[in-house]
Amino acid sequence: MLEPELEIHPKEKILRKKKNQEKVDLVKAILLDSFFIFYTILVLQRAIYYKVILDLRELPFSWYEIGFIAIVSVLIGIIWGYSRTSLGAKIMGLAKETKFAKLSSEIFAWTLFNLTFIAGWLVTKISLIDLFSAEGIEGANRIFYALFTPEFGIFDDALFAIIETIYLALIATLLSIPPTLILSFLTARNLMKDHWYTFSIYYILRIILNFVRSIEPLIWAIIFSVWVGIGPFAGMIALLVHTIAANAKLYSEAIESIEEGPVDAIAATGANKLQIIWYAVIPQIVLPFLSFTIYRWDINVRMATVIGLVGGGGIGTMLMQYQGLAQWHEVGLIVIMIAIVVWIMDYISAKIREAIY
Amino acid sequence: MSSNVIVEVRNLHKVYPSGTHALKGVSLDVYEGEFLVVIGLSGSGKTTLLKCINRLEEPTAGTVKFLGKDITHIKGKELREVRTHIGMVFQQFNLIKRMTVLNNVLAGKLGYMKTLPSILGNFPQECIDEAMKNLDIVGIREYAYERADKLSGGQQQRVAIARSLMQSPKLLLADEPVASLDPATSNSIMQYFEKVNKELGVTVVCNLHFLSLVRRYATRVIALKAGEIVFEGLPHEINEEWFKKIYGEEAEEVEIR
Ligand SMILES: Nc1ncnc2c1ncn2[C@@H]1O[C@H](COP(=O)(O)OP(=O)(O)OP(=O)(O)O)[C@@H](O)[C@H]1O
Ligand SMILES: [Mg+2]
């Protein structure tokens, strides 16, 4: 018998791999713990001590103090994490099975949660008094009365504006399809993982798309209304950009979750990459793609309305104008029309999506 | 005998990225025209072995030769050319569900076609005639224009066989082709494999679970256990003792007919 070309000692290999993994996990656990402790001290000091107990308006800020807290946290983190009794160790699955380890990580997790909730409450200054004061209620009354007695004089204009909004959303959705398709294939892990160069394309595109997607369409609209001027075009581009980024992710996830079997079967016939994609991948993803796209049109109609508020054209811009003039009856009509259109779009898109499945 | 070896596997190892050592130095020869059956418990490495032969999986070490040519590390066009001569049929049929039966069968010709015409679905008339002939061989010509997922499991597997026949394969790999079918259907599918083997002269390597089928169809048997070959011989040589060796002490043979 010939010797195998590569010397393989699988048991040893697996064991070594496991040990390395454990080291990495421990470092991760310590980092996690340090972060948790840092966060806890910071919240205790700034939100609870300065804000509530001392009731300071301006919070003092110094890098020395923060640096000091950070160092202390890392030290505690290392000791606590290394002893394998910490929350981080528990999360990474390294914690000891002792009672102390269990108790300490549970109490700490509970403290973290409560602290966050209390700090959140304080920061947003939740005030039920404003919501139910006599003044507040009167204001609400005035607006709701106006909203329910809409002014039909501007019906023609509003209808035109809302059609503009629907078209704007439709064009943004349609134009998004070709670039989204291309990008989704380039950001599907299972298609791109084989070579280092395709994998780097995958990685870079993912980062860019994540970045674009994390910026809300509203902000894109502000950017583009400065770039190309206020109006429907700015709104359309804003929606287009966000739609591409958001749908490319959904599409590529659909590609990643296809059945591998047909891909194997087509590859086994000697087909090339493009043929494999056309015969084994595309048929599995047309339906999800169609469904996402139709749903996105529906979302885009709603977003186009909001984008209009910052100058993206259509019904939103009109709403903004009447709201600025405090003409609440006109605002009422516009709001009702938006509600009806959104409801109809929602219904239609749900029906279409049902029908194609 | 060695002049007509179609596949030569030497010292084949496969370690998956997860660390599983699925094949541990497998060596075997497949002879032209035989019906070789591979048996073994779930997880013994049967699928991995077949996939290393047509390189759907990359061997970690060792060599695979096809018709005397070392194909262990070939890539791209060269690999695709070799694959056109090796058909494969799967347990889950792996048809393109939303396409017609005819188009599924035509897909077997992809390796011989230029990219653009194949994507446009521009198959020459000879291909379509050939596809119909192959559907005839497996007896489902009348379903040619049905959607593939409308067919029963047994019919779908026949489509898969017809698809692999489009490659005019020298070798047909079948990975538990009847494992998700009922006994009667299993038998009829196995008869199609026998027909392909005997009448068309295609060498078959087939993974199977049921010994009754093995005895009926195999001309030679190989048994894998935990990634190693533990038995090699004729079907009738698998007696009680070997059976326990291959499948473990607790195992008992179930009969299907
Ligand atoms: N893609 C994969 N990644 C990691 N491990 C795998 C992969 N495919 C198979 N394995 C592992 O390799 C071993 C052999 O699997 P293989 O599928 O070849 O066995 P099999 O004999 O075909 O089993 P079955 O009868 O269940 O199909 C198993 O332990 C399995 O878990
Ligand atoms: Mg298998």
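The values are calculated or read from the model by the stated rules, or taken from the named source; none is laboratory data. Here the structure is a predicted model, which means the values were calculated and not measured. Neighbour counts are summed over all protein chains in view; Cβ atoms, including those assigned to glycine, are modelled from backbone coordinates with ideal geometry. Heavy atoms of the whole protein, side chains included, go into the accessibility calculation; ligands, DNA and RNA do not. Shrake-Rupley method; radii C 1.70, N 1.55, O 1.52, S 1.80 Å.
Worth a mention:
- For the range A:99-140 and the range A:261-299, distance of Cα centres in Å: 47 Å
- Extension gain (nm, one decimal) between residue A:97 and residue A:53, 0.36 nm per residue minus Cα-Cα: 11.9 nm
- The accessible-area loss of the range B:1-33 on complex formation, taken against its chain alone with a 1.4 Å probe, reaches 50 Å² or more at B:11.
- Phi angles of the range B:134-143 translate, via the Karplus equation with coefficients 6.51, -1.76, 1.60 and θ = phi - 60°, into HN-Hα couplings of 5, 5, 4, 4, 8, x, 10, 4, 5, 9 Hz per residue; Gly and Pro are given as x.
- Degrees separating the helix B:183-199 axis from the principal Cα axis of chain B, which is the longest one: 80 degrees
- For residue B:6, the residues whose amide H sits under 5 Å from its own are B:30, B:31, B:32, ignoring neighbours fewer than 5 places away on the same chain, with H placed 1.01 Å from N.
- Pairs of lysine residues in the range A:16-126 - Cα separation under 25 Å, sequence separation of 8 or more or cross-chain: 22
- Residues A:131, B:50, A:191, ordered by accessible area of protein heavy atoms at a 1.4 angstrom probe radius and largest first, appear as A:131, A:191, B:50.
- Helical content alone sets the calculated 222 nm signal of chain B at -9500 deg cm²/dmol, taking -39,500 (n - 2.57) per DSSP H segment of four or more residues and averaging over every residue.
- Normalised per residue, the accessible area of the range A:68-198 is 68 Å², obtained with a 1.4 Å probe and no contribution from ligands, DNA or RNA.
- Within the listed set B:135, B:95, B:79, the residue fluctuating most in the Gaussian network model of chain B (springs between alpha-carbon atoms under 10 angstrom) is B:79.
- Chain A, helix-only ellipticity at 222 nm - DSSP H runs n ≥ 4, -39,500 (n - 2.57), divided by all residues, nearest 500: -26000 deg cm²/dmol
- Interface area, A with B, accessible, probe 1.4 Å, both sides summed, Å² nearest 100: 2800 Å²
- When you work out D = kT/(6 pi eta Rh) for the range A:308-357 at 4 °C and 1.567 mPa s, using the Kirkwood radius from C-alpha pairs as Rh and the Stokes-Einstein form, the result is 107 µm²/s.
- Just the protein heavy atoms count here, and of the accessible area of the range A:146-356 at 1.4 Å, carbon and sulfur take up 74 percent.
- Averaged over the residues of A:270-282, the number of partner chain Cβ atoms lying within 10 Å of the residue Cβ comes to 6.
- For trypsin sites (Lys or Arg not before Pro), the sites in the range A:108-212 that DSSP calls loop and that have at most 16 other Cβ atoms within 10 Å are A:125, A:193.
- Once the C-beta distance of residue A:123 and residue A:260 is scaled by a Förster radius of 35 Å, the resulting FRET efficiency is 0.15 to the nearest 0.05.
- Using θ = phi - 60° and Karplus 6.51 cos²θ - 1.76 cosθ + 1.60, couplings along the range B:50-66 (whole Hz; Gly, Pro as x): 4, 5, 6, 5, 9, 6, 6, 10, 8, x, 7, 7, x, 10, 10, 10, 10
- Total charge dipole magnitude, chain B, about the Cα centre, Cβ charges on Lys, Arg, Asp, Glu only, Debye to nearest 20: 920 debye
- Label point 7 Å beyond Cα of residue B:195 along Cβ direction - residues of the range B:149-170 with amide nitrogen under 15 Å: B:154-166
- In the range B:112-144, the residues whose accessible area drops by at least 20 square angstrom when the other protein chains are added to the isolated chain are B:115, B:118, B:119; the probe is 1.4 Å and only protein heavy atoms count.
- Solvent-accessible area per residue, Å², over the range B:152-253 with all protein chains present [probe radius 1.4 Å]: 41 Å²
- For residue A:200, solvent-accessible area (1.4 Å; no DNA, RNA or ligand), Å²: 40 Å²
- Residue-by-residue Karplus 3J(HN,Hα) for the range B:68-73, coefficients 6.51, -1.76, 1.60, Hz, glycine and proline x: x, 9, 6, 10, 4, 10
- The P(r) of the range A:146-356 has a tail past 26 Å containing 45 percent of all C-alpha pairs.
- Ranked from largest to smallest solvent-accessible area, with a 1.4 Å probe on the protein heavy atoms, B:73, B:21 come out as B:73, B:21.
- Rounded to the nearest 20 debye, dipole of the range A:16-126 from Cβ charges on Lys, Arg, Asp, Glu: 600 debye
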